[in-house]
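Below you'll find the structure, written out as C-alpha cells, and then a few comments.
The values are calculated or read from the model by the stated rules, or taken from the named source; none is laboratory data. As the structure is a prediction and not an experimental result, all values here were calculated from the model. Every residue, glycine among them, receives a Cβ derived from its backbone with ideal geometry; neighbour counts consider all protein chains shown.
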Amino acid sequence: MSVMTPTRLARYMKSRSNVIIMAGYLCDEMELDGKKLSDYAAEVALKLNAPVAATGNAVVALKAKGAKATKKVAVELVEMLRYADWRDPIISQRPEAVVFIGYPKGIATGLVVAARGVDTVVLGADDVSEATYSLGDASLKKYQQNLDRLLKVLAA
C-alpha cells in the first residue's frame, strides 16, 4: 500500500480508463464543513466519468448531483471481482480500479482485501494499508482539504 498525496492520487485515478466508485453509507451521514460526503463522491464520479455503486440511500443523493449511480450491495460487487468473466450492468468491462468512499476503516479494509485483480483506492480519513492507494490518516479538517485538492486536480 502506498499513501499518496491528493495531487498524485488524482493523477493516478485520471490515468485509469475503467474506474468504478463504491459509495458507502457514510456518504449519507458525514458532512465536512456543511458539505455532504455524497457531494464529494458525486464530484469525483463526474470528473472521472465513472459509474457509482452505492449502498443504502446514498444512491438518491448521488443521482441528484448528476452521478450515474446504481444501488448495489458492496460485497456483491467485490465478489464479482473474483471472476475473470465480468458481468455487471453498472460497468461493461471489468474495472481497473475501484475507488471506495464513505466506508468506515474496518469495512473498507474488508472490502479492499476481498477485491481481487484490481487496484483499490480508499478516499477516507483513515489509512487503509491493505489498499493499493490511500489518502492516509487525517483529521476531518485535513480530510476535507485532501478531498478539495483531489477535486481541483481532477478538474484540471
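Among the residues of segment 114-152 satisfying the criterion of being crowded, with 18+ Cβ neighbours inside 10 Å and among the polar types (S, T, N, Q), which is nearest to Met80 (Cα to Cα)? Step by step, filter segment 114-152, then rank; the result is Thr120. Tyr103 falls short on exactly one of the conditions (1) hydroxyl-bearing (Ser, Thr, Tyr); (2) more than 14 Å from the chain's Cα centre (by Cα); (3) modelled with pLDDT of 90 or more, and that condition is (2).
So that you can scan it fast, the table gives a plain yes or no per residue for (1) crowded, with 19+ Cβ neighbours inside 10 Å; (2) of a type in the set (Phe, Trp, Tyr):
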position: Ala45; (1), (2): yes, no
position: Ala54; (1), (2): yes, no
position: Lys71; (1), (2): no, no
position: Ala74; (1), (2): yes, no
position: Val78; (1), (2): yes, no
position: Tyr83; (1), (2): no, yes
position: Phe100; (1), (2): yes, yes
position: Lys105; (1), (2): no, no
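Among residues belonging to segment 86-132 that are in contact (Cβ under 8 Å) with a residue 12 or more places away in the chain and of a type in the set (Phe, Trp, Tyr), point out the one that is nearest to Arg8 (Cα to Cα). The qualifying residue nearest to Arg8 (Cα to Cα) is Phe100. Do we find a residue being outside any strand (DSSP E or B), farther than 22 Å from Pro51 by Cα and in contact with a strand residue (DSSP E or B) (Cβ under 6 Å, 6 or more places away or on another chain) anywhere in segment 141-149? Checked against the condition, which is being outside any strand (DSSP E or B), farther than 22 Å from Pro51 by Cα and in contact with a strand residue (DSSP E or B) (Cβ under 6 Å, 6 or more places away or on another chain), segment 141-149 yields at least one hit.
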